[in-house]
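Have a look at the structure below, then the notes.
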Amino acid sequence: MSKNYKITLLPGDGIGPEIMKVAVAVLQAIAPKFDLTFSFETALIGGAAIDATGHPLPDETLQSCKNSDAVLLAAVGGDKWDSMPSHLRPEQALLGLRGGMELFANLRPAQILPQLIDASTLKREVVEGVDILVVRELTGGIYFGKPKGIVADENGVRRGFNTMVYTETEIDRIAKVGFEAAQKRRGSVVSVDKSNVLDVSQLWRERVTAISKDYPDVKLSHMYVDNATMQIIRNPKQFDVILTSNLFGDILSDAAAMLTGSIGMLPSASLGVAGTPGVFEPVHGSAPDIAGKDLANPLAQVLSAAMMLRYAFNEGAAADAIEAAVNKVLDAGKRTGDIMADGCERLGCVAMGEALLAAI
């Protein structure tokens, strides 16, 4: 009997609806080959939700996500909503989704596809063979810590402040995700902190070191975040799994992403405790400047769907098939504008989707 999975779709803003349409078509094409069926429910998030309901993450959307087997998210945000109060900006929906679903672990791969090595701004010998996984803590740290705010003193001088805080429990559970990921890869974890300055990072390093004793087959080393940022550009092949906090992971994962030449190629997964639905999304933004122009690259969204099959549903063969289709299309020299190279065929979002379906 075929297996059915319930998926909540969050197209969001900008190019989101365009790339989501391609990902859904790919899932529908791959499903019968592996005796799978999908039930899709589309919900509002981000600016689209603000326009319709006045809130970036309506209760109905969060409930739909919680009731699903997995969530496929595109992108949120755009110039249209930049003047909104901070608590109502589209990006707040992402924090609300992560917090509301307790998605504490973000997995961001940065793998150099051989067809796109020359799209990187770094030399071929620097990036060829790079395969990094950034494991980022997602529901703690400075983005969620309290107190926070902007206040004025008795002289009317305003002061802004945020609190970077982690508990032992939060550190321990993300450390375990990092070590378990390394066991499935090349067996190396670099934990990134700022323990020479920050008390919270001293606790981070202490707990990561303690947890590492349960994983004797994984090599652990530590690196300060400023040095790690430099090393990602200088010698990225030294990294296997990078384990780090929310703020540092936000920065380092984008730096690692650009090694590949285009942020439009990279998927991500946000996971919680076992048995809860994860959220799978491309790492790029909503790109409102090209929205509706058939210029978007849908491949990161499609690869996010493959990550969903692999991590949420344990359907590795189906995920492999989608990834193989992406590679086949790239091998054929088909490119969207952001990854265009000499001698290749330039396609729009729709045509790239059609090429993927033909490959499948």
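Report the relative contact order of the chain, percent, no decimals, based on alpha-carbon pairs under 8 angstrom and at least 6 residues apart. So the answer I get is 22 percent. Among the listed values (i) 12; (ii) 24; (iii) 16, the one computed from these coordinates for percent of Cα pairs over 40 Å apart is (i). The residues packed around Gly337, meaning those with a beta-carbon under 15 Å from its beta-carbon, carry a net charge of -2 if Lys and Arg are +1 and Asp and Glu are -1. Rounded to the nearest 500, the 222 nm mean residue ellipticity of the chain from helices alone is -11000 deg cm²/dmol, with -39,500 (n - 2.57) taken per DSSP H run of at least 4 residues.
Pairs from the list Lys80/Lys146; Lys6/Lys194; Lys6/Lys184 with a Cα-Cα gap above 31 Å: Lys6/Lys194. With a cut-off of 11 Å between beta carbons, the residues surrounding Ala351 carry a summed charge of 0, where Lys and Arg count +1 and Asp and Glu -1.
Got the relative contact order for region 36-195 handy, in percent, Cα pairs under 8 Å and 6 or more residues apart? Over region 36-195, the number comes to 15 percent. Computed packing ranks the peptides 167-174, 142-149 as 167-174, 142-149, most packed first, by mean other Cβ atoms within 10 Å. Placing +1 on the Cβ of every Lys and Arg and -1 on the Cβ of every Asp and Glu, with nothing else charged, gives region 211-333 a dipole about its Cα centre of roughly 200 debye. Counting only DSSP beta bridges whose two residues both lie in region 1-148, roughly 35 percent are antiparallel. Each Lys or Arg adds one and each Asp or Glu takes one away; over the other residues whose Cβ falls under 10 Å from the Cβ of Gly285, this sums to -2.
Would you be so kind as to identify which of Gly353, Ser212, Leu88 lies farthest towards the positive end of the dipole of the chain, taking Lys and Arg as +1 and Asp and Glu as -1 on Cβ and the Cα centre as origin? It is Ser212. Considering only Gly46, Leu133, Gly264, whose Cα is most displaced toward the positive end of the charge dipole of the chain, charges sitting on Cβ of Lys, Arg (+1) and Asp, Glu (-1)? Of Gly46, Leu133, Gly264, it is Leu133.
Shape class of region 1-156 from the alpha-carbon gyration tensor: oblate, with a/c at 1.5 or above and b/c at least as large as a/b. Cross-link partners of Lys33 among aspartates and glutamates, defined as those whose alpha carbon lies under 14 angstrom from its own and excluding same-chain residues fewer than eight positions apart: Glu315, Asp320. Overall, the chain carries a charge dipole of about 500 debye about its Cα centre when +1 sits on the Cβ of Lys and Arg and -1 on the Cβ of Asp and Glu, all other atoms neutral.
Read-outs: derived from the displayed coordinates by stated rules, not from any lab. Predicted model only: the values in this text are computed from it and were never measured. Positions of Cβ are generated from backbone atoms using ideal geometry, with glycine treated the same way; all protein chains shown enter the neighbour counts.
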